[in-house]
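Take a look at the structure below.
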Amino acid sequence: MSPGSTNIYKQQCGTETTQMPIIYEQSIYLKQTLFNLISQILSDVRCLVFALISRAVFLHNVCKESVLISFVHYKASGLVP
């Protein structure tokens, strides 16, 4: 807490300083921290979703190619009419 905020509180309220300025500043700090935490979680979730989609597309393409190669192999060997 800055010394200036205590003086302003004394001037406005006309009483001794209480815990009010400290609680208010901690509240602002906690809100900023919570906002940063939520932003980081959303960023991480976005990256995770992108990675999962990329992996799914890769596996889909690999499986599709594998089935095609197997079909061509069986067709060439005469096992498939």
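List of remarks:
- Alpha-carbon Debye profile of the stretch 21-77, log10 I(q)/I(0) at 0.23 Å⁻¹: -0.87
- Taking label positions 7 Å along the Cα-Cβ direction at both Val67 and Val45, the computed distance is 3.3 nm, reported to one decimal.
Coordinate-derived values only; no laboratory data. Remember, predicted model here, so these are calculated numbers, not experimental data. Neighbour counts run over all protein chains shown; Cβ positions are idealised from the backbone, glycine included.
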